[in-house]
Amino acid sequence: MPDKACDNCWKQFRSRQAGKGRYTRFCSKSCEIEYRSKQTLAKTETLKVHLHYLYWDLRMTYNEMAQELCCSISTVRRLLQRTGIYCKGQPIYSGRSMKGRPHTLEHNRKVWEAIKDKLGEGFLKSQGRFKKSIGTASEAAQISNAAKWSNPETKASVLKNMMKAVGAKPNLAELRLQILLDQYFPHEWKFVGNGEIIIGGKLPDFININGKKQIIELFGIFWHPLFDVAKRTDHFRQYGFKTLIIWEDELENEAKLVKKIKAFTRRKEYAQH
């Protein structure tokens with residue numbers, strides 16, 4: 001295959017066949033990751049503009065937005081939350097839902113009379129005793145689960161099994177940061193966001209493997225609010241770790257990010273052996 005231009009950096013490279021009638025479009029894996037992340041960011045921005053138009057300009061309800069986007073109401077709520085669009089505090093009702101609205105006493109009385117006429121008072125009394133026994137058993141189970149979850153070893157074991165079951169892998173942003181760390185700081189940092197290391201019930205993204213008690217956390221723009229910074233750093237500080245927070249948009253300026261990581265790695269916090 002003759003030389004062609006990379007879709008990301010536009011450099012000429014020798015393309016090779018990647019399948020029947022398909023050829024490689026990128027000169028390297030890092031170029032492909034960078035291109036895909038840019039595409040994902042552009043799609044997110046487009047979706048954010050469209051959701052803002054539907055929710056604030058057209059004043060659509062969740063139900064109407066779900067019909068417009070061909071998805072469920074819970075998906076609409078999740079998209080609004082992930083794109084950072086501020087939602088009105090008042091509940092938005094879909095159809096004739098009574099969620100958040102109290103029933104009147106007259107309505108409750110009519111419902112009770114209808115149930116009593118249909119099932120009889122004996123059945124209702126037995127249901128009351130059954131619900132009471134179930135409620136007691138449920139409370140006991142909640143107390144037992146809370147006691148188990150308060151044990152750090154049990155919590156760490158459950159989290160590891162959960163991450164192993166879902167097959168957790170680094171996302172595109174984490175892959176870009178991992179490539180940068182391997183290039184400028186070889187054999188110093190390791191990705192452990194898959195549950196390999198759990199510190200006090202929290203999963204760090206990258207950890208120093210040269211003896212320093214240092215952690216790097218990669219925060220997505222639409223996933224982590226600002227108060228998450230203090231929450232994560234304070235949590236890991238309890239266990240003697242220093243934490244560097246890197247925001248996803250900082251990956252665009254590689255030289256500045258490398259300087260930031262170098263300044264952080266010069267600190268002399270070593271693990272106690």
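Okay, here's what the table says:
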| read-out | value |
| --- | --- |
| Options Asp182, Asp205: the member that is surrounded by fewer than 18 Cβ atoms within 10 Å (Cβ to Cβ) and either touching an Asp or Glu at 6+ places or on another chain (Cβ under 6 Å) or not basic (Lys, Arg) (or both) | Asp182 |
| Condition met for Thr75 (in contact with a helix residue (DSSP H, G or I) (Cβ under 8 Å, 6 or more places away or on another chain), exposed (fewer than 15 other Cβ atoms within 10 Å of the Cβ) and of a type in the set (Ser, Thr, Tyr)) | yes |
| Condition met for Ala141 (at pLDDT 70 or above, closer than 30 Å to Ile197 by Cα and hydrophobic (A, V, I, L, M, F, W, C)) | no |
| Residue list for the range 15-45, filter: of a type in the set (D, E, K, R) and either surrounded by 15 or more Cβ atoms within 10 Å (Cβ to Cβ) or under 14 Å from Ile179 (Cα atoms) (or both) | Arg25, Lys29, Glu32, Glu34, Arg36 |
| Criterion: outside any helix (DSSP H, G or I), among the acidic types (Asp, Glu) and at pLDDT 70 or above - qualifying residue of Glu153, Glu196 | Glu196 |
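The values are calculated or read from the model by the stated rules, or taken from the named source; none is laboratory data. Since this is a predicted model, take the numbers as computed values, not measurements. Every residue, glycine as well, gets a Cβ built from its backbone with ideal geometry; the counts of neighbours run over all protein chains shown.
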